[in-house]
Amino acid sequence: METRTVLFVDDESKVLASLKRGLLDEPYNKLFATSGKEALELLKQNEVHVIVTDMRMPEMSGLELLKIVRREYPHIVRVVLSGYTQITTLLTAINQGEIFKFITKPWKLEEDFKGVVRESIERYNLQNKQTASEAQLTAAQPSDTSEKMQEEGGTQT
Amino acid sequence: MEKRTVLFVDDDEIVLMSLQRGLRDEPYNKVFARSGKDALRILKDNDVHVVVTDMRMPEMSGLEFLKIVKQNYPNIVRIVFSGYIQVTTLLTAINQGEIYRYIPKPWKVDDDFKAVIQQAMEYYNLNEQRDMMIAQLMELQAQTNGKIKSV
């Protein structure tokens with residue numbers, strides 16, 4: 001299976017630097033963005049499978065970002081990493097962002113964080129059970145089926 | 001498409017009755033359970049597509065019930081419908097119950113409520129379609145491989 005890619009979004013570069021260091025040996029590609037806008041740019045240029053975002057960021061909030069991702073890249077598994085834990089934040093994250101997991105800050109890298117990211121990748125793989133050869137097959141057969149798959153984001157070609 | 005079925009779980013009978021009344025005209029089957037244990041028995045004998053459960057119930061909690069559903073019936077879309085709202089309850093519902101939505105109580109059976117259930121059913125349908133397509137693709141691939149071998 002191709003290596004999966006996880007995009008981390010936080011306006012605090014310290015958080016990103018700490019994640020970068022802590023996740024060095026984890027078996028997936030890591031991308032980092034300090035704003036929602038930057039994250040969307042990265043999504044345009046890279047194939048991303050899991051997104052982990054802060055909620056409270058200037059300009060574009062995590063929720064706004066999640067909603068865009070949900071609409072434009074529905075196959076990407078959405079996770080929140082946030083210290084701003086209030087009932088309303090949690091409710092909007094689940095009900096409007098349709099997130100898979102919510103990690104609270106400060107986080108425990110070994111016990112919590114790494115496991116959640118791995119579970120999210122597994123979730124992605126479960127939802128997109130295809131192997132590379134199936135993706136090729138889809139590409140080679142532009143039938144109705146493959147078009148629908150594309151719409152749902154089920155196919156990564 | 002076969003008619004979809006939604007299972008509502010709440011130890012408060014008044015809540016179940018109010019749901020029954022409020023959702024009478026909705027185009028899906030409704031099944032009601034007073035406990036997690038009852039709900040599990042219903043799941044054994046019926047095809048259920050969406051569960052909507054309270055969190056705070058005696059004996060089996062909503063979270064316990066959700067975890068069993070997630071484990072044994074992973075395709076069923078899970079919704080929490082609860083008034084016992086604390087940060088930790090919500091966090092465990094999301095992270096351990098892997099829920100699709102959380103509807104806070106008090107609530108009304110209004111258009112918003114109906115829309116959430118409708119969306120959950122659409123979500124179920126989308127997942128089902130995707131799984132079917134993947135199965136078709138795999139079959140096609142197997143056939144293609146077979147042909148390549150015979151050549």
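The values are calculated or read from the model by the stated rules, or taken from the named source; none is laboratory data. Treat the numbers as computed from the prediction; the structure is a model and nothing was measured. Cβ coordinates were reconstructed from backbone atoms using ideal geometry, including for glycine residues, and neighbour counts include every protein chain displayed.
For first residues located in the stretch B:1-27 and touching a residue at least 60 places away in the same chain (Cβ under 8 Å), partners that are acidic (Asp, Glu) and assigned to a loop (DSSP other than H, G, I, E, B) and lie 6+ apart or on another chain with Cβ distances below 6 Å form the pairs B:Asp10/B:Asp54.
A count restricted to the stretch A:17-53 and to residues that are in contact with a helix residue (DSSP H, G or I) (Cβ under 6 Å, 6 or more places away or on another chain) and farther than 27 Å from A:Glu110 by Cβ stands at 1.
Let's see how each residue does on (1) within 23 Å of A:Tyr84 (Cα to Cα); (2) of a type outside the set (Val, Ile, Thr); (3) modelled with pLDDT of 95 or more; (4) in contact with a strand residue (DSSP E or B) (Cβ under 9 Å, 6 or more places away or on another chain):
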residue: B:Lys30; (1), (2), (3), (4): no, yes, yes, yes
residue: B:Leu43; (1), (2), (3), (4): no, yes, yes, yes
residue: B:Asn72; (1), (2), (3), (4): no, yes, yes, no
residue: B:Ile79; (1), (2), (3), (4): no, no, yes, yes
residue: B:Val87; (1), (2), (3), (4): yes, no, no, yes
residue: B:Leu90; (1), (2), (3), (4): yes, yes, no, yes
residue: B:Asn95; (1), (2), (3), (4): yes, yes, no, yes
residue: B:Lys105; (1), (2), (3), (4): yes, yes, no, yes
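The residues on offer are B:Ile99, B:Ile85, and the sole one that is within 8 Å of another protein chain (Cβ to nearest Cβ), within 25 Å of A:Pro74 (Cβ to Cβ) and not in a helix (DSSP H, G or I) is B:Ile99. When residues in the stretch B:1-46 are screened for being crowded, with 17+ Cβ neighbours inside 10 Å and among the basic types (Lys, Arg), 1 of them pass.
Each row is one residue, and each column tells you yes or no for (1) under 28 Å from B:Pro104 (Cβ atoms); (2) in contact (Cβ under 8 Å) with a residue 40 or more places away in the chain.
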| residue | (1), (2) |
| --- | --- |
| A:Leu7 | no, yes |
| A:Arg21 | no, no |
| A:Asn29 | no, no |
| A:Glu59 | no, no |
| A:Gly83 | yes, no |
| A:Thr89 | yes, no |
| A:Thr92 | yes, no |
| A:Trp107 | yes, no |
| A:Val117 | no, yes |
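Summed over the stretch B:102-135, residues that are farther than 20 Å from B:Gln71 by Cβ, of a type in the set (Asp, Glu) and not in a loop (DSSP other than H, G, I, E, B) total 3.
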